[in-house]
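Undergrad: The following block contains the structure, expressed as structure tokens.
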Amino acid sequence: MTTLAALVQEIAALLRAAGIENARAEARLLVEAATGLDRTAQLRSPDQPVEASGALALAKRRAAREPMAYILGRREFWGRDFAVGPGVLVPRPETETLVEAVLEALPDRQAPLRLVDLGTGTGCLLLTLLGLYPKARGVGVDRSPVALRYAATNRAAHGLERRAALVQGDWLEALAGPFDLVIANPPYIGTAELRDPETGHEPAMALIAGDDGLDAYRAFVGPAARALVPGGMLAVEIGAAQAAAVRGLFVAAGLVDLRERADLAGLARIVTGRRASGLSPERSSG
């Protein structure tokens, strides 16, 4: 047994030695996860005796640079909690930029949108947008059965079973359009790019996309463009310095009204484009 204050101090020192920023704040989160005592309780009763083994076990995982989201089993995205764990990509704050881009481009929240989320992962994008557009219906696609299990858990937690379908497959091959909106946060890291210790714990298939990081876009941009209704939009997240290349793929696919949106760091993070209004959509059957 030890006291709350001593346990927080011990874990913070362990995390700090591992090079983790905000070590004390993370130590408090790990202690809360292990003991059920939140920050307020920790500050109110620092001398309270607690069992240390559970929190120390979590701290060792974090010191090995396992993502905090995996350890806690959840991650917040757009103010909503999503279940997350090993085998699925951790939602990132910069991905919220895609939600912002959709809200700006499609301001009618009552629109009965038909949308598809390619590489849905936890389902954070699909489920967030369905929450924001209450008359929309959507499909989340992912190759990973592990990711789809997390997406199904999150779909149930957010009460969206009736409006969100989940499909295992590669991009649009298993779907039939047309769609009003196609979104994707695909893998976009090149094989030679360095991955930090935390992303090393995440599934490579959700991160790596060929030598230049563009293989996923090459695979789905054309089919996505053909699956859109006239005026329908494709919106994708991109990596640093990929805007020009992705725009080129959009142009080659016949998309128009191309736009970029920067994240809070000022980096081009989202590219959007629309299907020309004069074209008829094609059904995408794979």
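The values are calculated or read from the model by the stated rules, or taken from the named source; none is laboratory data. Here the structure is a predicted model, which means the values were calculated and not measured. So basically every Cβ, Gly included, is an ideal-geometry build from the backbone, and we count neighbours across all protein chains shown.
Undergrad: Among the residues of region 202-246 satisfying the criterion of being in a helix (DSSP H, G or I) and touching a helix residue (DSSP H, G or I) at 6+ places or on another chain (Cβ under 7 Å), which is nearest to Arg114 (Cα to Cα)? Don't jump to the end; show me each part of the working.
TA: Within region 202-246, the first condition is being in a helix (DSSP H, G or I), and the residues that meet it are 204-206, 215-227, 243-246.
Next, only the ones that are touching a helix residue (DSSP H, G or I) at 6+ places or on another chain (Cβ under 7 Å) stay: 217-218, 221, 246.
Working: Tyr217: 21, Arg218: 23, Val221: 18, Val246: 24 Å.
By that ranking, first place goes to Val221.
Undergrad: Quick one: which of Leu37, Leu58 is in contact with a helix residue (DSSP H, G or I) (Cβ under 7 Å, 6 or more places away or on another chain) and farther than 30 Å from Thr120 by Cα? Write out each step before concluding.
TA: Numbers: Leu58 fails: farther than 30 Å from Thr120 by Cα.
Criteria check complete, one pass: Leu37.
Undergrad: Could you give me the residue pairs with C-beta distances under 6 Å whose first residue belongs to region 150-167 and is at pLDDT 95 or above, whose second residue is exposed (fewer than 15 other Cβ atoms within 10 Å of the Cβ) wherever it lies, and which are 6+ apart or on separate chains?
TA: Arg155/Glu161; Val167/Ala174
Undergrad: Output the residues belonging to region 1-27 that are surrounded by 15 or more Cβ atoms within 10 Å (Cβ to Cβ), within 25 Å of the chain's Cα centre (by Cα) and not aliphatic (A, V, I, L, M).
TA: Glu26
Undergrad: Among the listed residues Val246, Val221, Val251, which satisfies the condition of being among the β-branched types (Val, Ile, Thr) and touching a strand residue (DSSP E or B) at 6+ places or on another chain (Cβ under 6 Å)? Before the answer, list the steps.
TA: On the way: Val221 fails: touching a strand residue (DSSP E or B) at 6+ places or on another chain (Cβ under 6 Å); Val251 fails: touching a strand residue (DSSP E or B) at 6+ places or on another chain (Cβ under 6 Å).
Sole residue among the options that is among the β-branched types (Val, Ile, Thr) and touching a strand residue (DSSP E or B) at 6+ places or on another chain (Cβ under 6 Å): Val246.
Undergrad: So, in region 34-63, how many residues would count as being farther than 12 Å from Leu4 by Cβ, in contact (Cβ under 8 Å) with a residue 24 or more places away in the chain and surrounded by fewer than 16 Cβ atoms within 10 Å (Cβ to Cβ)?
TA: Final tally of qualifying residues: 1.
Undergrad: Picking from Gly254, Gly273, Gly278, which residue would you name as being at pLDDT below 95 and out of contact with any Ser or Thr (no Cβ under 8 Å at 6 or more places or on another chain)? Walk me through it before giving the result.
TA: Details: Gly254 fails: at pLDDT below 95; Gly273 fails: at pLDDT below 95.
None of the other options fit; the residue is Gly278.
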